[in-house]
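All remarks here apply to the structure that follows.
The values are calculated or read from the model by the stated rules, or taken from the named source; none is laboratory data. Small disclaimer: the values here were computed from a predicted structure and weren't measured. Here the Cβ positions follow ideal geometry from the backbone for every residue, glycine too, while neighbour counts run over all protein chains shown.
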Amino acid sequence: MPGSDRARGARLSPCPKSDYTDARRTSSFARKSEDMASSILILNGPNLNMLGRREPGIYGRASLDDIRDACVQKATALGLSADFRQSNHEGELVGWIQEAAGRFDGIIINAAAYTHTSVALRDALLAVALPAIEVHLSNIHAREDFRRHSYLGPAVRGMVAGFGAQSYLLAIDAIAHILNETTD
Ligand code: CA2
């Protein structure tokens, strides 16, 4: 799925041609020192702290703690470190995205209801220009019309939706692939 040119473009540093060519051949994992794992920030928006307690028919029975544990396990298996956070406050999520620049290599975000309302989260993701993936537990295209539009779409490389907690694990696979690929 196409992501924003701006987000991808910012990963290409303005270095001399020979270095640039080398950088294109070298994976981002390989560019890091061997003992330094790539790190991803996994963000969760409002009400996701309620998972497992209400609406299991739509969102499944896993709690957010269960999903965090599965994400950390999956990330570790892929050689990534993962920081998993949840907030009910848009501004806190914006702050975490802003702080991610220079500290994390990629972002996975389930912005929950803010997906469908937040220009601020979209702008923050575009501003930090880290590779980002949008996730949803439910298939947002099979629900109410208002859930079919995501403000985050232009700011992310792609979206995984509809697979319950598995959506997060698929997104970790995808970001590992992005971080491991030759920059192009
Ligand atoms: O499917 C998803 O992951 C959503 O991001 C979940 C959001 C919803 O607004 C999006 O359209 C799709 C809702 C998260 C609220 O989670 C609850 C969990 C348990 C009980 C009530 C809400």
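Details
- Those residues of segment 140-180 which are part of a helix (DSSP H, G or I) and among the charged types (D, E, K, R), in sequence order: Asp145, Arg147, Arg148, Asp173
- Residues within segment 63-98 that are more than 27 Å from Ala127 (Cβ to Cβ) and either of a type in the set (S, T, N, Q) or at pLDDT below 95 (or both), tallied: 3
- Residue count for segment 57-115 under the criterion of being surrounded by 20 or more Cβ atoms within 10 Å (Cβ to Cβ), among the small types (Gly, Ala, Ser) and within 12 Å of Ser39 (Cβ to Cβ): the result is 4.
- Residue in segment 143-158 that is at pLDDT 95 or above, touching a strand residue (DSSP E or B) at 6+ places or on another chain (Cβ under 6 Å) and within 14 Å of Asn44 (Cβ to Cβ) present: yes
- Scanning segment 135-172 for residues that are of a type in the set (D, E, K, R) and more than 11 Å from the chain's Cα centre (by Cα) yields Arg143, Glu144, Asp145, Arg147, Arg148.
- Listed conditions (1) in contact (Cβ under 8 Å) with a residue 60 or more places away in the chain; (2) within 16 Å of the ligand (Cβ to nearest atom); (3) within 16 Å of the chain's Cα centre (by Cα) are all met by Ser39, apart from (2).
- Within segment 42-66, considering residues that are in a helix (DSSP H, G or I) and near the ligand (Cβ under 6 Å from one of its atoms), the one nearest to the chain's Cα centre (by Cα): Leu48
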